[in-house]
Amino acid sequence: LRLQTISNSLFPRDRKPSSAQMLRSSWNGQRSDVVSGALVLIIPSLWLLLLSTLVSSLPLASAAAAKSLDECLNVEVPGYKGGDRQCFGTDELGMVCGWDGEPEEAYCELSTGGLKVCARRRGGGRCKP
């Protein structure tokens, strides 16, 4: 019983908070309001920036995709096992040189430098002359 009396005198249950405690409590509330208010303003701005960046790059991507389907790609892999995926001077133009029967199938074509290379159209099939 004596212990309870001492603890009640040190920490009374009905004691009102001090003005410093009330000020500290109200400051914490204001600070969280400021932080949440700033986040409400910052996050939509970041989304708008991201969205505008994505939208501005769309015409470039679609224009690049449209012109590149006929682009002839050199897909030669020198040193690949069995001489596949590369063309040699004795190979005929148009013969399959790699990825036989697959959508990536490639053919011996003449490069701009006049050498035979294993190549295919970006859209698939033989390169257009």
Quiz item: What chymotrypsin sites (Phe, Trp or Tyr not before Pro) does the stretch 83-129 have in DSSP loop regions with at most 12 other beta carbons within 10 Å?
Solution: F88
Quiz item: So which trypsin sites (Lys or Arg not before Pro) in the stretch 100-129 are both in a DSSP loop and have at most 15 other Cβ atoms within 10 Å of their Cβ?
Solution: R122
Self-check item: For C97, residues with placed amide H under 5 Å, excluding near neighbours
Solution: A106, Y107, C108
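Here, each number is a calculation from the coordinates, and none is a lab measurement. What you see is a predicted model; the values in this text were computed from it and never measured. Using ideal geometry, Cβ is built from the backbone for each residue, glycine included, and neighbour counts are taken over all protein chains shown.
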